[in-house]
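The values are calculated or read from the model by the stated rules, or taken from the named source; none is laboratory data. For clarity, every value in this text was computed on a predicted model and none was experimentally measured. Neighbour counts run over all protein chains shown; Cβ positions are idealised from the backbone, glycine included. Quick note on the areas: whole protein, heavy atoms, side chains included, nothing else; ligands and nucleic acids left out. Shrake-Rupley method; radii C 1.70, N 1.55, O 1.52, S 1.80 Å.
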Amino acid sequence: MTAADERTTRRPYHAPQRLAGALETRQRIIDAARELFLADGYAATAVRTVARSAGVAEKTVYLQFDTKSALLKAVVETAIVGDDEAVPAAERDWFLDVVAQTSLEPKLQRLVAATSALHERTGAIFMMARGAAAVDAEAAGLWAFGKQGHRADMTILANSFQAVGLLPPGLTVGWLTDLLYVLIGPETWQLGRVELEQNEQDYVAWLYASLYRTLGGSLAQDGDDVHREDTPVGDCADGNPVTREVGGSA
C-alpha cells in the first residue's frame, strides 16, 4: 500500500475527549456569566470579566459566543430547559404532556406544576434579562423574540384546550391565548412571588384556581374550603411533586 492509499483509507480522526472538553468549557462560561449577570447586572458585566471568572481567555469566550447577547441567550435558555440546544419549549416532553391531556384537571395540574417549576429556577434570570433589554438593543431584540415565542407557545396550548372541548362557550382561542400569556408569564410570577410575597404553594394554588374557575371549574364544592391542607396534584417538569392548597378533587 502506498502512502497515498494509506491516506485515503485512513479513518477520520475523532476526538471525543476534545469535544467533551469544549462542552465543559462552554458550560463553565455560561455558569460564570449567569452568576455575574445576576450579581452585577448584564450591562455592568464585561466579557473579559466572564472570561476571568470562567478561567479562560477572552478569545475563548468569543469562539463559543459571537456576541455578549449570544451569551445572554445561552444563559436564559440553559436556565429554561437545562441546556442551550435549539429545541423549542413546545417540543419538550413536559409541554407535549400538557398538550396531550384531554381532561381539565390533569391538564391544568401539569401546566401549573411545570410553570411553577420553570419560574422557580428562572425567575431571577428572566428579570435580569428584562432589565438588560431596557438598556441594550441586542438584548431588547432577544427579549422581544422570546416574548413572541412565549405567545406562540400559549397559542398552541389554547388550541389544545379547544381541540378537546375545554374552551367555554363564547370564548375564543385568541382570548385564551391572551389569558395564558398573562397568567403564566414571568412578570405575573414576579408580582406574586416577590411583590406580593406569596410562597410557592400559594402561587401554585392561586394560579390553578384562577385558570380552573375561568375555564368553568368549581373549586369549592360540598362545603370544601378553598385553602385546605396540601394535596398532591402532579409532578413538576423535573419530576418533583407539586401540591395544591385548593378544594375540589385532585
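Our coupling estimate for segment 163-176, obtained by passing each phi through the Karplus curve with A = 6.51, B = -1.76, C = 1.60 and θ = phi - 60°, is 4, 10, x, 9, 8, x, x, x, 9, 10, 4, x, 5, 5 Hz, Gly and Pro reported as x.
In summary, the lysines within cross-link reach of Lys59, defined as a Cα separation below 21 angstrom excluding same-chain residues under 8 places away, comprise Lys68, Lys73.
With the simple spin-label model, which puts each label point 7 Å out from Cα in the Cβ direction, the Thr172 to Leu38 separation comes to 4.1 nm. If you take the alpha carbon atoms of segment 24-168 and fit the smallest convex hull around them, that volume is 106 Å³ per residue.
Compute the FRET efficiency between Arg52 and Asn199 as 1/(1 + (r/R0)^6), taking r as their Cβ-Cβ distance and R0 = 51 Å, and round to the nearest 0.05.
0.85
Here the 3J(HN,Hα) profile of segment 91-107, calculated from phi with Karplus coefficients 6.51, -1.76 and 1.60 at θ = phi - 60°, is 9, 7, 4, 5, 5, 5, 5, 4, 4, 6, 5, 10, 10, 4, 4, x, 5 Hz, Gly and Pro shown as x. Modelled label positions at Asn159 and Asp66, each set 7 Å beyond Cα in the direction of Cβ, lie 3.0 nm from each other.
Sort 174-180, 112-118 by the packing proxy (mean of other Cβ within 10 Å over each peptide's residues), most packed first.
Descending mean neighbour count gives 112-118, 174-180.
Using the Cβ-Cβ distance between Ala137 and Val182 with R0 set to 25 Å, the FRET efficiency from 1/(1 + (r/R0)^6) comes to roughly 0.45.
Residue ranking by accessible heavy-atom surface, 1.4 Å probe, largest first, among Lys147, Lys107 comes out as Lys147, Lys107.
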